[in-house]
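Engineer: Once you've had a glance at the structure underneath, I'll fire off some questions.
Please treat every number below as a calculation from the coordinates, not as lab data. None of the values given here were measured: they were computed from a predicted structure. Reconstructed Cβ throughout: ideal geometry from the backbone, glycine too, with neighbour counts over all protein chains shown.
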């Protein structure tokens, strides 16, 4: 990694420069003061960049001081003065590049890349030249690892203390501090630099150092692909400055080791991965490092890496457990789990509140501590795999209404771990459902009342009129006859209206018995005639001899048929035909189909299927109640009703199961005879 010093009196351009350099260099920002430049003299600098609006004497003096300390550094001057190169030459200052601002980002980026390319070339060239000047070998040099030669330093005390501190701590910062203290005590080095991999594993940064310039502590960073980390990852052993100086291709790694101020680089390996590196400087007394020391440092570093990994895993596990605890704490559903020994492992606050128990006192106890039958449900799920979903029950003597679900708990590889139960309070749901039912009931009542008012107007007006005339014309025979016919008809209409409305709101009572289809049709036509004598003459019914009887309430079925006939007649009294036949139903059983057919001028534009919807009929006062009431009546007898168009007609299709499931075939029923027409205006004349 290269180092760059930025001399500036303001930060107008500094942020843009930092973004362009990225992670390619360690950028040291300073002002052009003697103290600042003197402090930077201890740091090897590869790139000198100056930002000043004009070429000033203070900036020139600071630049010359840094150039003297770093003769191979590349110099670039960023200024707004057009004649910057001449101004520098007049002051006998050399600059490799000069950049005139303001400039676009593209122009600046292009020039910065060119400056970095030249700086990299000089760094590599300087490393190659220095390689021929390094003192290699010899017992007097501090750059080699010397043989023991009978020397056995006492390492047991700091090593034992450090290992003890590692074994008793899960704090990564504490472990790293203990490791650095042990290394410094064991080696008596003048400097050391510990670079540790950060959380996102993208780079190594200095976390502990001794004897390095303070500016490098924050600026020095390496990425896994850099030469020194790559070397340590591949070799998985200690590397010395002498080893890196042996070949020119190792010059970039040597440069990074020099930047860290080290003569030894020790890898911190965990599970084969480089977690960090320790760069150790020379000993304070000038003695070489011995093999025993290097081996001890390597083992200590490996143990530190493993201990740090265990500490990170422990912290990660604690964070995950804390997250799970927070989820359990804030859940609005109760959770209870048991292990393979049928002991309670988890009882979150919601479950404790629903079950009215102490959660802490419940943990570790036998599942029989749970209210009955919750423990039985958990145990049957654990032992027999009997899982439940959304089952509602009452516990604690009716004090709690709960919905529960049980599931088995399995490990990632499928091993059984226990069972769990989710609990939800349904008391609020029951209250809400009851309120909803009441609202629907009130709405229906309002609709029924409105419909009553609409339907009762005409019959009541007729009765009221005749009641006013009755005192004055009670002895008139013609008036009495007229009264008898019309008032009786309107009373029947009121009774019919009440039957329709009641059938929509209540389940009709049923007194079932065996009845012939012909009897039902006759009774239905008679009811139509009671309301309108002339209308009954427009109803045509086919014979039903040979068809099986039905097991129904005669009054209910006849009422349903009469509603359909009256609706089919309409205001124009279109001809209505009624016929029945036997069909084969599901499973081979025989069912009777009764068809009521009429011309499609009744309530033109209304979908026949909507005539059977009570809510639609109640919301539309102009739509007759008959079909909807008939559907309720027929369904109470175990039958079904459909309404649809066929050709130019509207058809009501009633399906009812035949007694015994038998009867004549469809062809025999269809060929039995011709239809019978009621023509006398007084009702049916022996249908069938």
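Engineer: For the residues 206, 431, 344, what sequence is obtained by ranking on other C-beta atoms within 10 Å, fewest first? Please list the in-between numbers first.
Structural biologist: Numbers: 206 19, 431 10, 344 24.
The fewest-first ordering by Cβ neighbours comes to 431, 206, 344.
Engineer: Under a point spin-label approximation (7 Å from Cα along Cα-to-Cβ), what is the residue 514-residue 330 distance to one decimal in nm?
Structural biologist: According to this spin-label approximation, the distance is 7.2 nm.
Engineer: Determine the gain in length on full extension of the stretch residue 249-residue 96; use 0.36 nm per residue of separation and subtract their C-alpha separation, reporting nm with one decimal. List each step's numbers first, then the result.
Structural biologist: Numbers: separation 153, 0.36 × 153 = 55.08 nm, distance 2.63 nm.
Separation in residues times 0.36 nm, less the Cα-Cα distance, equals 52.4 nm.
Engineer: Give the calculated FRET efficiency between residue 399 and residue 583 to the nearest 0.05, with a Förster radius of 60 Å applied to their Cβ-Cβ distance. Mind dumping the intermediate values first?
Structural biologist: Numbers: r = 55 Å, r/R0 = 0.91.
It comes out at approximately 0.65.
Engineer: Stokes-Einstein diffusion coefficient for the range 230-279 at 37 °C in a medium of 0.692 mPa s, Rh from the Kirkwood formula over Cα pairs: what value in µm²/s? Walk me through the numbers on the way to the answer.
Structural biologist: Values: Rh = 10.9 Å.
The Stokes-Einstein estimate is 301 µm²/s.
Engineer: Under the 0.36 nm per residue contour assumption, what length would be gained going from the current alpha-carbon distance of residue 105 and residue 438 to full extension? Please list the in-between numbers first.
Structural biologist: Details: separation 333, 0.36 × 333 = 119.88 nm, distance 7.15 nm.
Length gained, residue 105 through residue 438: 112.7 nm.
Engineer: Still on this structure, please answer the following. Using the basic label-point model (7 angstrom from Cα toward the beta carbon), what is the residue 302 to residue 534 distance in nanometres?
Structural biologist: 11.5
Engineer: Here's another thing I want to ask about it. Rounded if a/c is under 1.5, else prolate if a/b is larger than b/c, else oblate: which is the range 287-351, with a ≥ b ≥ c the root eigenvalues of its Cα gyration tensor? Before the final figure, lay out the partial values.
Structural biologist: Details: a/c = 10.10, a/b = 3.46, b/c = 2.92.
In terms of gyration-tensor shape, prolate.
Engineer: Estimate the FRET efficiency between residue 411 and residue 185 by the formula 1/(1 + (r/R0)^6), using the beta-carbon distance for r and 41 Å for R0, to the nearest 0.05. If you can, show how the numbers build up before the last one.
Structural biologist: Numbers: r = 46 Å, r/R0 = 1.12.
For residue 411 and residue 185, the calculated efficiency is 0.35.
Engineer: How many nm is it between the label spots at residue 363 and residue 380, if each spot is 7 Å from the Cα in line with the beta carbon?
Structural biologist: 3.0
Engineer: State whether the range 369-444 is rounded, prolate or oblate according to the following rule on the C-alpha gyration tensor (a ≥ b ≥ c being the square roots of its eigenvalues): a/c under 1.5 gives rounded; otherwise a/b larger than b/c gives prolate, and the remaining case gives oblate. Please report the intermediate quantities before stating the final value.
Structural biologist: On the way: a/c = 4.10, a/b = 2.33, b/c = 1.76.
Because a/c hits 1.5 or more and a/b exceeds b/c, the range 369-444 counts as prolate.
Engineer: R0 = 22 Å: FRET efficiency of residue 645 with residue 616, Cβ-based, nearest 0.05? Walk me through the numbers before you get to the answer.
Structural biologist: Working: r = 17 Å, r/R0 = 0.78.
After rounding to 0.05, the efficiency reads 0.80.
Engineer: Provide the gained length on full extension for the span residue 171 to residue 462, in nm with one decimal, where the gain is 0.36 nm per separating residue minus the Cα-Cα distance. Mind dumping the intermediate values first?
Structural biologist: Numbers: separation 291, 0.36 × 291 = 104.76 nm, distance 9.76 nm.
Taking 0.36 nm per residue and subtracting the Cα distance, the gain is 95.0 nm.
Engineer: If you don't mind, another one. Can you give the Rg to Rh ratio of the range 306-428, both from alpha-carbon atoms, with Rh computed by the Kirkwood formula? Before the final figure, lay out the partial values.
Structural biologist: Working: Rg = 15.9 Å, Rh = 15.4 Å.
Looking at the range 306-428, the ratio lands at 1.03.
Engineer: Rounded, prolate or oblate: pick one for the range 193-262, where a ≥ b ≥ c are the square roots of the eigenvalues of its C-alpha gyration tensor, a/c under 1.5 means rounded, and failing that, prolate if a/b is larger than b/c, else oblate.
Structural biologist: Since a/c reaches 1.5 but b/c is at least a/b, the shape of the range 193-262 is classed as oblate.
Engineer: Continuing with this model, one more query. Let me know the Kirkwood hydrodynamic radius for the range 227-326, please, with Cα pairs as the basis and the value in Å to one decimal.
Structural biologist: On the way: mean 1/r = 0.0663 Å⁻¹.
Final number for the Kirkwood radius of the range 227-326 is 15.1 Å.
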